[in-house]
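Input: a single structure, listed below in structure tokens.
The values are calculated or read from the model by the stated rules, or taken from the named source; none is laboratory data. What you see is a predicted model; the values in this text were computed from it and never measured. FYI the Cβ positions are ideal-geometry reconstructions off the backbone, even for glycines, and counts take in every protein chain you see.
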């Protein structure tokens, strides 16, 4: 018999609840299970939102500390709850930081471009996209990153952010329009 995605999610939620119970009963080391289970996707989200590996790591660490301190307050899915902590940490950082552009670290994989000119064009486009993305309000940037960088479904996004699918579709649409307008100035 094939296991459905809903059954897998329910199983993971039950496992998380058991870990939380162990932590609250005094087994502080059990919290490491939750950290290892959710660090990678939360880090990737923080990195996409901030553009800085160091800042993303700091936000992630502070978020897990806060989650540990308030673990008894978890209602519902732990992953959605801790995601909101990380997302709010990113938004707070974005509100408090003043910078001219957002930059991503280049990945270590070899380029698929054949010539140095194509590679230069790719780098320039990435820089322009990063700058345009940095000008978006945090809510639009978050929706765009979750949809187009992380590849999440609108339903998953709505669940994690505690909002409606319609609201998220509108945010992604507005983000695309804003990015298109900003990039058309140079590439039109």
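Here are some notes:
- Single residue of segment 52-93 satisfying the filter (buried (at least 17 other Cβ atoms within 10 Å of the Cβ) and out of contact with any helix residue (DSSP H, G or I) (no Cβ under 7 Å at 6 or more places or on another chain)) that is farthest from residue 131 (Cα to Cα): 81
- Set 104, 43: member being within 18 Å of residue 149 (Cα to Cα) and at pLDDT below 85: 104
- Test: residue 13 is under 29 Å from residue 149 (Cβ atoms), part of a helix (DSSP H, G or I), at pLDDT 90 or above and outside the structural domain of residue 129 (by TED's automatic domain parsing): no
- For segment 31-51, the set of residues classified as farther than 17 Å from residue 77 by Cα and in contact with a helix residue (DSSP H, G or I) (Cβ under 9 Å, 6 or more places away or on another chain) consists of 43, 44, 45, 46, 47, 48, 49, 50, 51, listed by residue number.
- Whichever residue in segment 142-188 is in contact (Cβ under 8 Å) with a residue 60 or more places away in the chain and not in a helix (DSSP H, G or I) and, among such residues, is surrounded by the fewest Cβ atoms within 10 Å (Cβ to Cβ): 162
- The set of residues from segment 77-97 being within 18 Å of residue 12 (Cβ to Cβ) and in contact (Cβ under 8 Å) with a residue 24 or more places away in the chain comprises 77, 78, 79, 80, 82, 83, 84, 86.
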